[in-house]
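For reference, the structure discussed in these notes is given below.
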Amino acid sequence: MKTLVLLTSLLISNLIFAGDFPSETHMSNEEQKTYIDDVAKEIRKVYWVSGHEDVSSGTEFVTKKVLDDHVKKDNRYETTLDDDQVGELYRCYYKASCELYVVYVSGSYWGGYGESAHFVLLYTDTRKLFEISHTIYAE
């Protein structure tokens, strides 16, 4: 599962340079939604190609409450976000030209089950994105 999160991160990094958006204007809400839906689709594809079954995902616009709840120190995630990653998420949240989304992905693999969170930091002026991912649960 950890390897899969890493592979997904690399795939999303490639999307940064493959975007077909012009870079002169601020992204509309509709453009953001379309872009995030495409990112979620690519993440699901990575899971399917790696042999996972029953792959599903959901996207969510990250509010302050969602972010605070996700990074609480008492959460028992399989892998936790380090302090630098948490700092990046909060910097994006407070920056006017950055929108923060999370793509939750789940799937089964050889009888096991796993869930991961993929935070997408979408810079709406430059139309670039970065991803911070971690495994929430794996068995």
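The values are calculated or read from the model by the stated rules, or taken from the named source; none is laboratory data. Given the structure is predicted, the values throughout are model-derived calculations rather than measurements. As a convention, Cβ positions derive from the backbone with ideal geometry for all residues, glycine included, and neighbour counts pool all protein chains shown. Please note that ligands, DNA and RNA were not included when accessible areas were found on the heavy atoms of the full protein model with its side chains. Shrake-Rupley method; radii C 1.70, N 1.55, O 1.52, S 1.80 Å.
Among the residues of the stretch 63-86, the ones that are open to solvent by less than 20 Å² (accessible area, probe 1.4 Å) and either over 16 Å from the mean Cα position of the chain (by Cα) or not hydrophobic (A, V, I, L, M, F, W, C) (or both) come to 1 in all. Modelled with pLDDT under 95 and in contact with a Lys or Arg (Cβ under 8 Å, 6 or more places away or on another chain): is that true of THR126 in this structure? In short, no. Selection of the stretch 89-131 for residues being of a type in the set (A, V, I, L, M, F, W, C), closer than 21 Å to MET27 by Cα and in contact with a His (Cβ under 9 Å, 6 or more places away or on another chain) yields LEU89, VAL102, VAL103, PHE119. The residues in the stretch 61-108 that are within 15 Å of ILE136 (Cα to Cα) and in a strand (DSSP E or B) can be counted, and the count is 7.
For the stretch 109-139, the candidate set comprises residues that are of a type in the set (S, T, N, Q) and either within 15 Å of the chain's Cα centre (by Cα) or in a strand (DSSP E or B) (or both); within that set, the residue that is surrounded by the most Cβ atoms within 10 Å (Cβ to Cβ) is SER116. Residues in the stretch 20-30: is at least one among the small types (Gly, Ala, Ser) and either closer than 15 Å to HIS134 by Cα or at pLDDT below 50 (or both)? Scanning the stretch 20-30, I find at least one residue that is among the small types (Gly, Ala, Ser) and either closer than 15 Å to HIS134 by Cα or at pLDDT below 50 (or both), so the answer is yes.
Is it the case, given these coordinates, that TYR90 is of a type in the set (Phe, Trp, Tyr), crowded, with 17+ Cβ neighbours inside 10 Å and out of contact with any Lys or Arg (no Cβ under 7 Å at 6 or more places or on another chain)?
no
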